[in-house]
Amino acid sequence: ELKNLLQRLDGKQYPCYHDIDTPLNRGWNYPQFTLFCEKAQSDPFAAPTRCRIVIDAAHAGFPRNLYSNRIRSMALGDYLLRVLHGACKRLGADTSMSGSGGGGWSGNKGGDIQVLEPCQSILEQSAVFIDPTNGNIVAQITVNLPARGRSILGHAAETIFSQTLPSMIERMYYTSLSADRLKNHIEMIEDQVWLQEQLKYRNIVSFIRNGAILPRKSGADDRPMDGNPVPFKSPSRLEIDFILPNSKTKITGMGIPLGITLICGGGFHGKSTLLQTITLGLYPKIPGDGREFCMTSVDACKVRAEDGRNVTAVDISNFINNLPFGRDTTCFSTEDASGSTSQATNIIEAIECGANALLIDEDTCATNLMIRDDKMMQLVAADKEPITPFVRIVRSLYDDCQVSSVMVIGGTGDYFDVADNVLVMDSYVCFDATERAKTIAASSTKSSALPHAASQCVKFRPTKSKRFINGNSFVPNGKVKTISQNSIVFGETELDLSCLEQLVSKAQTTAILAALQRLPEQTKGRSLTDTLEQLGKLIDKEGVASLTPGQYHGGMARPRLYEIAGAINRLR
């Protein structure tokens, strides 16, 4: 029926493609799957048509144990996404017809199928997932319906839907896959998530596996570095091990304890590389990534300075107080934050959202918020300096609030006074320098006439968010669009998310954009924290696809609530 329809549409005006639209309760029935088409694009230059493919669980043939819990279901969906994306590439289905049959407005257009490109991390996503109610496999893709000028190329569309698409889908059946490779993929991901859940019981913030390859190809390529990078090896004092539940093998590596940990060393010796691994250890990695089993607490947040960001009603008085002209910092707002006020804001917002660890790299910090050395204290009297540096507060953050800190520090030794553990990276080899750092700190204290950081510690006062969400503020006045992993357009605002460094995929940014559009129905006068909690419950229950109900949106991956909150807090 679909083939005959597309043949009849050949040569007709492009809007006639709407004849292939399907209601939610009726699709195009293939022998082993059902195709649903959302509202077909009305113009060759419009966004491509979203399609949903549902493979009946009986036809897919996957044993129930491969998706018996949420983690296994996510892992199976991830594996099938990589299969589908690979099949699309190998068949050349992702190549547009543009340029063939003459160029320009009257030339051929469209004809390509697009599947969400997976990344090195395993994410809950909407492109391929297992329906929890019946075990059906659901794939959501886009098809750029082919045309010449504004006329339908019906026969080309028939080829896409009757040949190319079935060829892609048949590779997703259990009988088409390597059972051993699939099983290993699922069990490795489940073991990584299990290890992450064990961190709190072992009183550690993060675990870095011995033998892990931490360096990446480049800042724009998250795959492992080519050549012979140095494998990671834990210092003996911090070395711990786990017995993995699925493989039953023992895995050994460095456990970074709760408290205050410094990562020191010379420039280009691997400090930031180690911190980056910790920062992105929120998500399990694919086999062969090099960072498998390098896991971090799900509530660890990377914070930094962010000149120019918008701040609304944040209590930063723990760090900044007694501003000139009596300006209040207990409910601080600005459209153009400085380095120090933006970093203070980022710290407070992370803690108010529930962060249990702060990840900090001095390269991206405001120096005046991090330290204030002896000479500056002599020049500028304490009552003339409104900033309380982080070095004086970090101890109380852990002792009183149980918020750990892992910091790359290469330019000041002031933090030696307050650190629990000090690591030194030397040519990508990690050494335990805690005792040496403590000796240096003690010696420096004796020889100085001025008080040091350890004797100037300030008690951190927990704050509570003063932000209540007005749902009407989240109705975009204009278009909404994901520009890149770091940028979205929300109405008249272009929102820069580049400082949310724990986003790993453009699909997560797209989900954040969808979440912003769902806020009006989630708020109902709730606080920001309560609104995020409700949103999290929705995604837990119905999956990330629930952010765009009925839209067959296959371009989303689940972000943490911290990143959704970060986007909300930066909206002007």
Exercise for review: Being under 22 Å from L91 (Cβ atoms) and exposed (fewer than 15 other Cβ atoms within 10 Å of the Cβ) is the filter here, so list the residues in region 175-197 that pass it.
Suggested key: T175, S176, S178, R181
Point to revise | Count of residues meeting criterion [under 29 Å from T330 (Cβ atoms), at pLDDT below 90 and among the aliphatic types (A, V, I, L, M)] in region 451-496 | key: 3
Revision key, fill the gap. N29: passes all of (1) open to solvent by 30 Å² or more (accessible area, probe 1.4 Å); (2) within 31 Å of the chain's Cα centre (by Cα) but (2)
Review point. Can you name the number of the only condition in (1) polar (S, T, N, Q); (2) in the same structural domain as I393 (by the TED database); (3) open to solvent by 10 Å² or more (accessible area, probe 1.4 Å) that S272 fails?
Key: (2)
Practice item. Go through the residues of region 505-512 one by one and say whether even a single one is more than 16 Å from L123 (Cβ to Cβ), out of contact with any Ser or Thr (no Cβ under 6 Å at 6 or more places or on another chain) and in a helix (DSSP H, G or I). Key: no
Review point. Among the candidates E124, E170, E158, which residue alone is acidic (D, E), in the same structural domain as D21 (by the TED database), within 30 Å of D221 (Cβ to Cβ) and touching a residue at least 12 places away in the same chain (Cβ under 8 Å)?
Key: E124
Review point. In region 38-57, which residue that is hydrophobic (A, V, I, L, M, F, W, C) and at pLDDT 95 or above is nearest to G110 (Cα to Cα)?
Key: C51
Practice item. Give region 547-562 a look and list any residue that's open to solvent by 10 Å² or more (accessible area, probe 1.4 Å) and in a helix (DSSP H, G or I), or say none. Key: L561, Y562
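Quick grid of which residues meet (1) within 18 Å of A157 (Cβ to Cβ); (2) touching a residue at least 12 places away in the same chain (Cβ under 8 Å):
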{"site": "I20", "(1), (2)": "yes, yes"}
{"site": "G27", "(1), (2)": "yes, yes"}
{"site": "P31", "(1), (2)": "no, no"}
{"site": "A57", "(1), (2)": "no, yes"}
{"site": "R70", "(1), (2)": "no, no"}
{"site": "A87", "(1), (2)": "no, yes"}
{"site": "A93", "(1), (2)": "yes, yes"}
Review point. If you go through region 214-229 one residue at a time, how many are more than 25 Å from the chain's Cα centre (by Cα) and closer than 13 Å to R291 by Cα?
Key: 1
Practice item. Would you mind telling me which numbered condition in (1) surrounded by fewer than 14 Cβ atoms within 10 Å (Cβ to Cβ); (2) outside any helix (DSSP H, G or I); (3) not aromatic (F, W, Y) K375 fails? Key: (2)
Practice item. Hey, can you tell me all the residues within region 301-346 that are small (G, A, S) and either out of contact with any Gly (no Cβ under 8 Å at 6 or more places or on another chain) or not in a loop (DSSP other than H, G, I, E, B) (or both)? Key: G308, A313, S317, G326, S333, S338, G339, S340, S342, A344
Study note, to complete from the structure: Matching residues in region 279-289 (crowded, with 23+ Cβ neighbours inside 10 Å and either in contact with a Lys or Arg (Cβ under 9 Å, 6 or more places away or on another chain) or among the polar types (S, T, N, Q) (or both)) number 2
Practice item. Answer yes if at least one residue in region 30-45 is over 18 Å from T164 (Cβ atoms) and part of a strand (DSSP E or B), and no otherwise. Key: no
Review point. If only one of I204, I160 is within 25 Å of L282 (Cβ to Cβ) and surrounded by 13 or more Cβ atoms within 10 Å (Cβ to Cβ), which one is it?
Key: I204
Point to revise | Condition broken by I251, with the remaining ones in (1) in the same structural domain as S333 (by the TED database); (2) in contact with a strand residue (DSSP E or B) (Cβ under 9 Å, 6 or more places away or on another chain); (3) open to solvent by 10 Å² or more (accessible area, probe 1.4 Å); (4) free of Cβ contacts under 8 Å to residues at least 60 places away in the same chain satisfied | key: (1)
Check your understanding: Would it be correct to say that D399 is under 17 Å from G259 (Cα atoms) and at pLDDT below 95?
Key -> no
Point to revise | Odd one out for G410, checked against (1) open to solvent by less than 40 Å² (accessible area, probe 1.4 Å); (2) farther than 9 Å from L262 by Cβ; (3) under 30 Å from the mean Cα position of the chain (by Cα) | key: (1)
Exercise for review: Quick one: L323 ticks every box in (1) out of contact with any Pro (no Cβ under 6 Å at 6 or more places or on another chain); (2) farther than 25 Å from L528 by Cα; (3) open to solvent by less than 50 Å² (accessible area, probe 1.4 Å) except a single one, so which number is it?
Suggested key: (1)
Review point. When residues of region 62-97 are filtered for being in a helix (DSSP H, G or I) and of a type in the set (D, E), how many remain?
Key: 1
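The values are calculated or read from the model by the stated rules, or taken from the named source; none is laboratory data. Everything quoted here is computed from the prediction, not taken from an experiment. A quick note on method: Cβ atoms are made from the backbone with ideal geometry, for glycine too, and the neighbour counts reach across all protein chains shown. The area values use the complete protein model at the heavy-atom level, side chains included, leaving out ligands, DNA and RNA. Shrake-Rupley method; radii C 1.70, N 1.55, O 1.52, S 1.80 Å.
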